[in-house]
Each structure stands twice: as C-alpha cells, then as structure tokens.
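Below is one structure, written out as structure tokens; the observations come after it.
The values are calculated or read from the model by the stated rules, or taken from the named source; none is laboratory data. Note that the structure is predicted; figures quoted are calculated from it, not measured. Methodologically, a virtual Cβ is constructed for each residue, glycine included, from the backbone with ideal geometry; neighbour enumeration extends over all protein chains shown. To get the accessible areas, we keep the full protein, side chains included, count just its heavy atoms, and leave off ligands, DNA and RNA. Shrake-Rupley method; radii C 1.70, N 1.55, O 1.52, S 1.80 Å.
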Amino acid sequence: MDIFDMAKKEFDYTVSMRRHFHEYPESGPAEQVETMAEIARQLESMKVPYTVVPGGGILGYLKGAKEGRTVLLRADMDALPILEAEHNLKGPRICISKIPGVMHACGHDGHTAMLLTAARLLKSLERELQGSVILMFEEGEEGHRNVEKICAWFAKEQTKIDTCYASHVRWDIPTGKLSCCPGTAMAGHYHFLLRIKGQGGHGSRPDLAHSTIDCFHEIYSDLETLRLRYVRPDTSLTWSVGSLHAGSRFNLIPDVLTCEGSIRMTDRVCGAEFFEEFKRIAQAVCPLNYCTFDLEVVERLLPTVNHPGCRSLFLQAVEQYLGRDAVYECKPWMASETFSYLCNMYPGVETFVGIQNEALGSGANHHTPEFDLDEKGLLYGVVAMAGYTLNFLDNPPDTGDFQPAYESMEALLASLG
C-alpha cells in the first residue's frame, strides 16, 4: 500500500485544518473550547467514536477487525499568548492569527492537523488493522498539566497501551526530513519556586536587617558551580532564573524575596540529584544569613526517552514509505514536553518533523512572533505516523526490556504533586 500517495490525496485537508487552527488559536489551561469542538466535528464526520476527558482533551478510537496491540497517537492543540508578527523570516505569512495576542508559535496547529489526517487514513484502513488505535488530542500542553487528567482517565479505565507516538515540528530540520533521536529526545524540566524570608530594615542601618538579597546572592553563587561539581560530565543539564522579585524602594532592605526558574536535563536521575543539592545549599546558606526559606517544584517533567526498538521501527517505516533520504540526524531538544508522561510509562517515540524552508521564511525558533512552518513538512509527518502505526500493529518490535519509570500511572501522578 502506498501511504505516501494516500497522504498526498489528503494534503489539501491537512492544510485546511492547519490554517483553521492557526487562524483561530486558543491558549490557557482549559480554554481550547472551539478547537476541541472542531476536532469533535471532524471525528464525527469520519465516524470515529470519541470521548471527551474533562480538562484533558479528546480521545478517538479506531478498532480493527482483529484483536491485537494498541497504538496511541498523540497531538497537542493549545497556542501561546504571543502577538504574531505579520511577516515571517522572508515576508508576509500565508495565514495569520485572527485572535490578537494569541498565536500558534510552537506548531501545535500542525500537530493537530497531522493527527486528524492520519485518523482519516487509518479509518479508511480500519478493517485491515491488526489491533486498535487511540487518537489523543491533548489540551493545555504549554505548562498547564492537562495531560494528568488524561493519564488519570487511562488509569481509571485500565487502558491498555502497547506503544505511544508523538510528532513535534521542529524549526531547525529541513522540510521533507524526519528525525528520531537515540535515547533522550526532549529534556526533563523542573519549574522551581524559591521564597526567602529575612528581616527588613532601612538602608542607613543594614546591620539591623537580615537581607534576603544578600542571602540569595550566596545561594546563586553556589548554584553557579553546582553544575560542575555534582552533575556527571556525560549528561546534559542546564538551569536558569527567569523571575526575581524583592523590595519596592531603593532605601529599604526587603524582608521577602521570591525567585522562579527552571532546571532542564536529559537524565532524570541527574535532575533529581541537582535539585536535592540545590535544597542542601539553601539549607546551609539561609541560617547563616538569619533567613528561612521554602523551595518547591511547581511542575516536574521527566525527560522524554525513545525506546530503541520503537525508534528502529520508526526509521524502518520512514525508509519504507518515504525513502532513506527522508531520515535526518539531530541532537536532543532541551525544551520539555508533557508527552514524557506517556513515554516513561509505555515504550514509544517522540519524533521530529522538519518544517524549515528558507525560501518560504520558516525557520524562526519556537515561541517567537516570527515562527512559521512549511506546510509541506506536515505531509511527511502524516506518512511517518500512519506508517509507524501500521507496521507496529503488523510486526511490533521487541519491547520486553522496557521498564516503566513508575509501577503504575497512579504512582507517576502522585510523584508529581
């Protein structure tokens, strides 16, 4: 069967869906109201049964004539609170957001369009499927933890999943190319919040105050060297402070300081060790400055790790349906992604779809006003998604060596707070 030819015949549909979602973006933790409604309409038109998971998203279901394994295909759908630039890197855009201040600056419009198109292809082959497919449309991926509602649904329904698959468009991979990193595909993430309490005072008598700024300065200095002293040199980890607030007047020493930042890592053990050392530093430094502190993790994501057998199957599917030239080598992405919840519980892959085209002006980094994508790249993403699904159901790889990060989905959710 020629999956590439089938996808080309559906390409106008892919483009129309991508442009619709791009022109009417929705952001926020559970605000993809019209986006969800449109996805539901599309699934109904395909006669694909679906379930709406409150606060989580939509799950569509395909079931072959024969019993077999289950493949989960996932797409995220939310946009970002960014004012879109009228031009990309080359010139005027093909389409632009009609909602001021909200933009699909990460490609989720393309992800949703690809999954809907793959659903149409697989629906046309449904009776031939050697198993089942779950179509997972995730609400609020951009830092809102809606995926936890879907994971809790899976746990409650005792959903059987044999592999999970996600595609993410990527600004630095040329159109027509597809990639799947060995090992870690995307970094884990700790969003931390540090509060330091001291004793305020006047700038004329700093000796009568316990400055939270001085205390934080010492902690920050120790964190600067923590990466070298306590992180293995064969792994990647980075951290940064993005928000720092203390005081409101130039001549008053503040009694409270709050700081927020992130830790990114390709190895979940190293991330946990770094955070524990961070806490140990605060425990040592704050008493020396007559201060107290509270350090919490607001959000924790594990690294997204590709299973070797599933990665090999993906590469074989790309070569089979698109040719060897479509395979592209790339490095792990230090951004983070909620698909890690699934990849740490089921064997699977996070794949990258090239959308960079200098002639069309696509190639600006994600989360920027100039971000744009070459829609032709979505065609290749659809082929890879459908091809992987068919090949997994027909001849799955050996995943017996897979070890879930937690003994159950409930244990994973409990660990995240």
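The label point for GLN199 and the one for ASP394, both projected 7 Å from the Cα toward the Cβ, are 7.6 nm apart. When the square roots of the Cα gyration tensor eigenvalues are ordered a ≥ b ≥ c, the ratio a/c for region 313-388 is 1.5 or more and a/b does not exceed b/c, which makes its shape oblate.
Surface analysis of the chain yields an accessible area of 43 Å² per residue, using protein heavy atoms and a 1.4 Å probe. The phi-based Karplus calculation (6.51 cos²θ - 1.76 cosθ + 1.60; θ = phi - 60°) puts the 3J(HN,Hα) values of region 216-223 at 5, 4, 5, 4, 4, 4, 5, 5 Hz, whole numbers, x for Gly and Pro.
The amide H of GLU139, built 1.01 Å from its N in the peptide plane, has GLY57, ILE58 as neighbours under 5 Å, considering only residues 5 or more places off or on other chains. Which FRET efficiency value, to the nearest 0.05, is calculated for SER240 and VAL269 with the Förster distance at 25 angstrom and r the Cβ-Cβ distance? It comes out at approximately 0.75. Segment GLU67..ARG232, full-extension length gain: 54.9 nm, with 0.36 nm per residue of separation and the alpha-carbon distance subtracted. Where both bridge residues fall in the chain, DSSP classifies roughly 70% of the beta bridges as antiparallel.
Considering only the Cα atoms of region 290-417, their convex hull presents on average a projected area of 12.1 nm².
Sequentially through region 285-290, phi angles give Karplus couplings (6.51, -1.76, 1.60; θ = phi - 60°) of 7, 4, x, 5, 9, 6 Hz, Gly and Pro residues having no value and appearing as x. For the chain, the fraction of 1.4 Å probe accessible surface lying on carbon and sulfur atoms is 51 percent. Put simply, the amide H of THR184, placed in the peptide plane, has neighbours under 5 Å in ASN306, leaving out anything fewer than 5 places away on its chain. Oblate is the label for region 1-157, because the ratio a/c of its alpha-carbon gyration tensor axes (a ≥ b ≥ c) is 1.5 or higher and a/b is not greater than b/c.
Summary value for region 62-120: 40 percent relative contact order, contacts being C-alpha pairs under 8 angstrom separated by 6+ residues.
If the Kirkwood radius is taken over C-alpha pairs of the chain, then at 37 °C and 0.692 mPa s the Stokes-Einstein diffusion coefficient equals 144 µm²/s. Would you list the P(r) distribution for region 67-207, with all Cα-Cα distances sorted into 5 Å bins from 0 and each bin expressed as a whole %? Over region 67-207, the share of Cα pairs per 5 Å bin runs 2, 7, 11, 15, 17, 14, 10, 7, 5, 4, 3, 2, 2, 1, 1, 0, 0 percent.
When the chain is treated as a GNM with alpha-carbon contacts under 10 Å, the residue of LYS279, LYS123, LYS149 showing the greatest mean-square fluctuation is LYS279. Each Cα pair under 8 Å and six or more residues apart adds its sequence gap; the mean of these over the residue count of region 1-137 is a relative contact order of 37 percent. Phi-derived couplings, Karplus 6.51 cos²θ - 1.76 cosθ + 1.60 at θ = phi - 60°, listed residue by residue for region 158-174: 6, 5, 8, 10, 9, 7, 10, 9, 9, 10, 10, 5, 9, 5, 9, 10, x Hz, with x used for Gly and Pro. Dividing the mean sequence gap of close Cα pairs (under 8 Å, 6+ apart) by how many residues the chain holds gives a relative contact order of 24 percent. So, counting K/R as plus one and D/E as minus one, what does the shell of residues with Cβ under 9 Å around ARG93 add up to? Local charge sum for ARG93: -3. When peptides 300-307, 236-243 are ranked by their average number of other Cβ atoms within 10 Å per residue, the highest-first order is 300-307, 236-243. Here LYS279 is the anchor, and the lysines within straight C-alpha reach of less than 24 Å, apart from those fewer than 8 places off in the same chain, are LYS197. With a cut-off of 19 Å on the backbone N, the residues of region 61-81 near the modelled label site 7 Å out from GLN130 along Cα-Cβ are 62-73. Inter-part distance, region 95-129 to region 1-26, computed on C-alpha centroids, equals 7 Å.
Estimated from the Cβ-Cβ distance and a Förster radius of 30 angstrom, the FRET efficiency linking LYS90 and ASN251 is about 0.05. Sorting the segments 108-114, 222-228, 389-395 by their mean number of nearby beta carbons within 10 angstrom, highest to lowest, gives 108-114, 389-395, 222-228.
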